[in-house]
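Comments concern the structure below.
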Amino acid sequence: MINRYLKISCFVLLVCFTFAGCERQKIETPLVYQRLTDPNFTIADYASAAIEAAGGHQAWTRAEKLEFDCVVTFYGRDDSFYLTEHHYEICPLANSILVSTQEPLNKFVWQLSEGQFGIIKADKQDDIPTAKSIYRDFAESVLMITSAPVRFLDGSFVFAKVPKPVKIKGFWYEPIQGAPSAGNMQLDLMPAKPYWSEVVFYQNKENSLVDTIWLANSGEKNFLSVRGYDYTVVGKGGILVPTKIEISRTDARGNLLNRLAEINFKKN
């Protein structure tokens, strides 16, 4: 159960997600990068601790793209399951993820970038019958849990630490609640209307990792729990991400209902 009350040298980062993937273009520097490298910007203690626990400030400043392969199991409500393999391209500073998978009949690609979701390539969507209704939820979950430390800096939400710790599966956590920022509610100033009406990031008191997240879309009565396990360094940049991710549906109070997917790093 999850209780909802619960310089590095400065350079211009040219990062952009297009519907062809993660490419460099001359665009505005992402706000997250600006805040990471601005000595005058005060990073909240919990955010700073999360960044250090998952690789450190310098590593995240250089985190243009994380790329890795995983084995994924999607679960149906009737105890059915679908096993497949995914390739992920995640740009944490640009708040973007590209998911690609080679299914039996064709390649299937979908993307979430700054709140905008799109299926890029899919001739036979029914190749993933247990997943076809949760593509966006899946992308949101994986992006959130792998880039959790810098999500505190992207400006989409305003966060506040809940003073009372909670216990989840034997570990004590400090909840950090988030709601869409006032600026983001002005639709003409944002790339997309906020999908989540509330988020809660749970920071492990022992190691400062944010390894559990609760996502709520109250309007659509859509509530998710995302949990990461067994963190390891990805690539040469020094970023730590979970090698196992569990995504589950919950009720409005955070009680677990049914498992949607399990993601495991593919061993080379």
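The values are calculated or read from the model by the stated rules, or taken from the named source; none is laboratory data. Predicted, not measured: the structure shown is a model, and the values here were computed from it. All Cβ positions, glycine included, derive from the backbone under ideal geometry; neighbour counts span all protein chains shown. Each accessible area value is taken on the protein alone, full model and side chains, heavy atoms only, with ligands, DNA and RNA left out. Shrake-Rupley method; radii C 1.70, N 1.55, O 1.52, S 1.80 Å.
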Q. Counting only residues that are open to solvent by less than 10 Å² (accessible area, probe 1.4 Å) and in contact with a Leu (Cβ under 8 Å, 6 or more places away or on another chain), how many does the range 92-106 have?
A. 4
Q | Residue list for the range 168-184, restricted to those being crowded, with 18+ Cβ neighbours inside 10 Å and more than 19 Å from the chain's Cα centre (by Cα) | A | Ile168
Q | Lone unmet requirement of (1) in contact with a strand residue (DSSP E or B) (Cβ under 7 Å, 6 or more places away or on another chain); (2) farther than 16 Å from Val72 by Cα; (3) charged (D, E, K, R); (4) at pLDDT below 95 for Glu174 | A | (4)
Q) How do the pairs read when you match residues in the range 211-237 that are in a loop (DSSP other than H, G, I, E, B) with residues anywhere that are modelled with pLDDT of 95 or more, using Cβ under 7 Å and keeping only pairs 6 or more apart or on different chains? A) Gly237/Ala59
**Q.** Residues within the range 235-265 that are charged (D, E, K, R), open to solvent by 50 Å² or more (accessible area, probe 1.4 Å) and within 22 Å of Arg151 (Cβ to Cβ), tallied
**A.** 1
(Q) Out of the residues in the range 153-167 meeting the condition of being over 30 Å from Thr29 (Cα atoms) and in contact with a strand residue (DSSP E or B) (Cβ under 6 Å, 6 or more places away or on another chain), tell me which one is surrounded by the most Cβ atoms within 10 Å (Cβ to Cβ). (A) Val166
Q) Can you tell me which residues in the range 38-59 are open to solvent by less than 70 Å² (accessible area, probe 1.4 Å), in contact with a strand residue (DSSP E or B) (Cβ under 9 Å, 6 or more places away or on another chain), outside any loop (DSSP other than H, G, I, E, B) and within 11 Å of Phe152 (Cβ to Cβ)? A) Tyr46, Ala47, Ala49, Ala50
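Can you confirm whether the range 181-191 contains a residue that is in a loop (DSSP other than H, G, I, E, B) and either modelled with pLDDT of 95 or more or among the hydrophobic types (A, V, I, L, M, F, W, C) (or both)? Working first, answer last.
Here is the first cut: in the range 181-191, the ones in a loop (DSSP other than H, G, I, E, B) are 181-182, 186, 190-191.
Narrowing further to those that are either modelled with pLDDT of 95 or more or among the hydrophobic types (A, V, I, L, M, F, W, C) (or both): 182, 190.
The answer is yes, given that some residue of the range 181-191 is in a loop (DSSP other than H, G, I, E, B) and either modelled with pLDDT of 95 or more or among the hydrophobic types (A, V, I, L, M, F, W, C) (or both).
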